[in-house]
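A quick write-up on the structure given underneath.
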Amino acid sequence: AQSVTQPDIHITVSEGASLELRCNYSYGATPYLFWYVQSPGQGLQLLLKYFSGDTLVQGIKGFEAEFKRSQSSFNLRKPSVHWSDAAEYFCAVGPVGSGNTGKLIFGQGTTLQVKP
Amino acid sequence: DTAVSQTPKYLVTQMGNDKSIKCEQNLGHDTMYWYKQDSKKFLKIMFSYNNKELIINETVPNRFSPKSPDKAHLNLHINSLELGDSAVYFCASSQPWGGPSYEQYFGPGTRLTVT
């Protein structure tokens with residue numbers, strides 16, 4: 001069955017430090033992969049997505065992610081974290097199920113805390 | 001301009017009551033979704049409509065009934081509310097699946113508290 005695992009429930013980094021959030025997936029075919037961010041009390045905003053082609057994907061707010069098929073991973077990175085990056089981050093994979101309905105499966109999320 | 005809007009933002013009600021959450025999108029999308037985010041922030045799809053037609057119906061109690069009067073609106077009606085229904089409910093919209101432009105746009109969420 002398709003699934004997404006985000007091994008780190010909570011991560012704390014210092015402002016200005018680099019960041020890597022891990023995402024592993026289980027999927028029978030070439031997946032479409034997404035990273036979303038949820039700021040406190042807000043909805044989800046798409047950071048970046050991978051469909052095909054270049055395995056290093058650039059997103060908004062200075063984030064990037066690398067698709068590694070051999071490791072079934074799609075890790076999110078940022079070279080220098082800002083205090084405003086403190087939020088919940090979700091990795092998602094799709095489409096799941098028949099008919100290309102657009103159904104996504106989300107990981108359990110990683111809470112990012114940024115220390116001043 | 002708000003792309004995906006939900007009302008109300010907060011909803012506090014007692015067990016056994018019936019309540020509705022409304023969702024509207026002005027993006028011209030054909031597909032809309034309802035997600036439930038539980039207290040552990042786990043996000044799970046409940047329903048999806050494409051052009052007012054139900055295309056995803058996860059294992060959700062019959063007490064939950066989505067209604068799509070037109071493709072810009074997808075409302076969620078919940079009968080006989082239970083404590084376990086307390087969660088944040090997100091509406092989302094997208095174009096039909098396919099292609100690199102695919103993206104789901106989320107509303108701000110409705111926090112439902114059942115007492």
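The values are calculated or read from the model by the stated rules, or taken from the named source; none is laboratory data. For clarity, every value in this text was computed on a predicted model and none was experimentally measured. Note that each Cβ is placed from the backbone with ideal geometry, even for glycine, and that neighbours are counted across all protein chains shown. The accessibility values were calculated without ligands, DNA or RNA, using every heavy atom of the protein model including side chains. Shrake-Rupley method; radii C 1.70, N 1.55, O 1.52, S 1.80 Å.
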Fill in the blank from the handout: Selection from the range B:22-45 of residues part of a strand (DSSP E or B) and under 30 Å from A:Thr5 (Cα atoms) yields B:Cys23, B:Thr31, B:Met32, B:Tyr33, B:Trp34, B:Tyr35, B:Lys36, B:Gln37, B:Leu43, B:Lys44, B:Ile45
Handout entry: Some residue of the range A:15-30 being within 14 Å of another protein chain (Cβ to nearest Cβ), free of Cβ contacts under 8 Å to residues at least 40 places away in the same chain and either part of a strand (DSSP E or B) or farther than 24 Å from B:Asp38 by Cα (or both)
Key = yes
Exercise for the section: Among the residues of the range B:16-41, count how many are of a type in the set (Lys, Arg) and either closer than 24 Å to A:Phe90 by Cα or out of contact with any Ser or Thr (no Cβ under 9 Å at 6 or more places or on another chain) (or both). Expected result: 3
Practice task
Kindly check whether there is at least one residue in the range B:87-109 that is surrounded by fewer than 21 Cβ atoms within 10 Å (Cβ to Cβ), in contact with a Pro (Cβ under 8 Å, 6 or more places away or on another chain) and away from every other protein chain (no Cβ under 14 Å).
Solution key: no
Exercise for the section: Hand me the list of strands (runs of 3 or more DSSP E) wholly inside the range A:34-116 holding 2 or more residues that are among the polar types (S, T, N, Q). Expected result: A:73-78, A:110-115
Handout entry: the range B:47-81: number of residues that are touching a residue at least 40 places away in the same chain (Cβ under 8 Å) and either under 30 Å from A:His10 (Cα atoms) or within 13 Å of the chain's Cα centre (by Cα) (or both)
Key = 7
Practice task
Evaluate the range B:50-58: report whether one residue or more is open to solvent by 30 Å² or more (accessible area, probe 1.4 Å), touching a Ser or Thr at 6+ places or on another chain (Cβ under 7 Å) and within 11 Å of another protein chain (Cβ to nearest Cβ).
Solution key: yes
Completion exercise
Selection from the range A:28-65 of residues among the hydroxyl-bearing types (Ser, Thr, Tyr) and open to solvent by 50 Å² or more (accessible area, probe 1.4 Å) yields A:Thr30, A:Tyr32, A:Ser52, A:Thr55
Fill in the blank from the handout: When B:Met32 is run through (1) open to solvent by 50 Å² or more (accessible area, probe 1.4 Å); (2) within 12 Å of the chain's Cα centre (by Cα); (3) modelled with pLDDT under 95, the failure sits at (1)
Problem - Of all residues in the range B:82-115 being of a type in the set (Asp, Glu) and in contact (Cβ under 8 Å) with a residue 12 or more places away in the chain, the one that is nearest to B:Thr7 (Cα to Cα) - result: B:Asp85
Exercise for the section: Output the residues belonging to the range B:59-81 that are within 19 Å of B:Val4 (Cα to Cα), open to solvent by less than 70 Å² (accessible area, probe 1.4 Å) and in a strand (DSSP E or B). Expected result: B:Pro66, B:Ser68, B:Asp70, B:His73, B:Leu74, B:Asn75, B:Leu76, B:His77
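Okay, residues lined up against (1) at pLDDT 95 or above; (2) among the acidic types (Asp, Glu); (3) farther than 24 Å from B:Ile56 by Cβ:
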residue: A:Gln38; (1), (2), (3): yes, no, no
residue: A:Ser73; (1), (2), (3): yes, no, yes
residue: A:Ala86; (1), (2), (3): yes, no, yes
residue: A:Val93; (1), (2), (3): no, no, no
residue: A:Asn100; (1), (2), (3): no, no, no
residue: A:Gly109; (1), (2), (3): yes, no, no
residue: A:Gln113; (1), (2), (3): yes, no, yes
residue: A:Pro116; (1), (2), (3): no, no, yes
